[in-house]
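Nothing in this text is a laboratory measurement; each read-out follows from the coordinates by a stated rule. Model, not experiment: these values are computed from the prediction. With ideal geometry, Cβ positions are generated from the backbone for all residues, glycine too; neighbour counts draw on all protein chains shown.
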Amino acid sequence: MIKIKNVSMKFNLGIENDNSLKMMFIRFFNFKKRKKQEYFWALKDIDFNIEKGEVVGVIGINGAGKSTLLKVVSGVYKPTTGEVIVNGKISPMIELGAGFDADLTARENIYLNGAILGYDKEFLDEKFNEIVQFAEVKEFLDVPVKNFSSGMVAKLAFSISTIVNPQVLIVDEILSVGDLKFQEKSKNKMMSMITGGTTVLYVSHSLEAIKNLCSKVIWLDHGKIVMFGETNEVCEAYYKSQQES
């Protein structure tokens, strides 16, 4: 179960943090720039509940606050105001491969990334072959990840992240990683987790994917919830708004 209570997230744009001689000179002769607002609200007064086993999609244009919402729920960001309550172990699939060290091999990164996700060495030893087989990287285990394509990195990260069935799955547009064969594999893996009772919060720009996977949808715009309800109803309203804009 996920409870989001009046959550807002403010980011400092950091304009005034540049204290170089050049910026000091610009600020001295540009009073308006000194007075310019230096922050923005990525999320504003977000409030919703997701029950155990529900699959909820998040839609909206770029910059609507979708990824920020996922990071707040995952604990990557602490909200500026409000409260986030998540019951159960979370598996966040956000920016796949972000926890990898590019200079380490695929073998080493399995243990590194697994440790970041909270898996101990004994568990990773047991699941190692399963991770490698699913990611299709057997021939590249001792190759530094910096030599991998972005698709290979995403496949390996996806395989590590989904090696166990978490109680809460946070997903940011990952069903398009890898080639078509792997996309089908990742979709099937996702479906097995969903049908197994995992609670899912899923961001995607694909309304078709949202309709296929989700029972409810949150529509965000400029950090605020426009609609939260039944999938077809929300998707239709969002699609009409995009046609009219």
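Quick one: which residues, 5+ away or cross-chain, put their amide H under 5 Å from the amide H of residue 226? H built at 1.01 Å from N.
Long-range HN contacts for residue 226: 219, 220, 221.
For the chain, what is the calculated [θ] at 222 nm in deg cm²/dmol (nearest 500), taking -39500 (n - 2.57) for each run of four or more DSSP H residues and dividing by its residue count? Display every interim value, and only then the final one.
Working: 9 runs with 98 residues, N = 245.
Value at 222 nm, helices only, nearest 500: -12000 deg cm²/dmol.
For region 140-228, rounded, prolate or oblate, judged on the Cα gyration tensor with a ≥ b ≥ c (square roots of eigenvalues), a/c < 1.5 rounded, else prolate if a/b > b/c? Provide the component values of the computation, followed by the final result.
Details: a/c = 2.18, a/b = 1.68, b/c = 1.30.
Taking the square roots of the gyration eigenvalues as a ≥ b ≥ c, region 140-228 is prolate.
Out of 149, 186, 204, any idea which swings most in a Gaussian network model of the chain, alpha carbons joined below 10 Å?
149
Which distance in Å, rounded to a whole number, links the C-alpha centroids of region 140-206 and region 40-89?
Computed from Cα coordinates, the inter-centre distance equals 20 Å.
Below 8 Å between Cα atoms, with a sequence gap of 6+, how large is the relative contact order for the chain in percent?
Relative contact order here is 27 percent.
With each pseudo-label sitting 7 Å past Cα toward Cβ, what's the residue 10-residue 126 distance in nm, one decimal?
Spacing of the two 7 Å Cα→Cβ label points: 4.7 nm.
Who wins for biggest fluctuation among 142, 172, 47 in a Gaussian network model of the chain, springs between alpha carbons below 10 Å?
142
Can you give the % of DSSP beta bridges in the chain that are antiparallel, to the nearest 5? Please list the in-between numbers first.
Values: 20 of 37 bridges.
Given both bridge residues lie in the chain, the antiparallel proportion sits at roughly 55 percent.
Over region 34-103, what number does the Rg to Rh ratio reach, with both radii from the alpha-carbon atoms and Rh per Kirkwood?
Values: Rg = 14.9 Å, Rh = 14.6 Å.
The Rg/Rh ratio comes out at 1.01.
Looking only at 123, 48, 140, which one moves most when the chain is put into a Gaussian network model with springs between Cα atoms under 10 Å?
Result for the chain, Cα springs under 10 Å: 123 fluctuates most.
Taking the alpha carbon gyration tensor of region 84-202, what are the square roots of 5 times its eigenvalues, largest first, to the nearest whole Å?
After scaling each eigenvalue by five and taking roots: 22, 16, 13 Å.
For region 96-165, what D do you get in µm² per second when you plug the Kirkwood radius from alpha-carbon pairs into Stokes-Einstein at 37 °C and 0.692 mPa s? Working shown, then result.
Details: Rh = 11.6 Å.
Stokes-Einstein gives a translational diffusion coefficient of 284 µm²/s.
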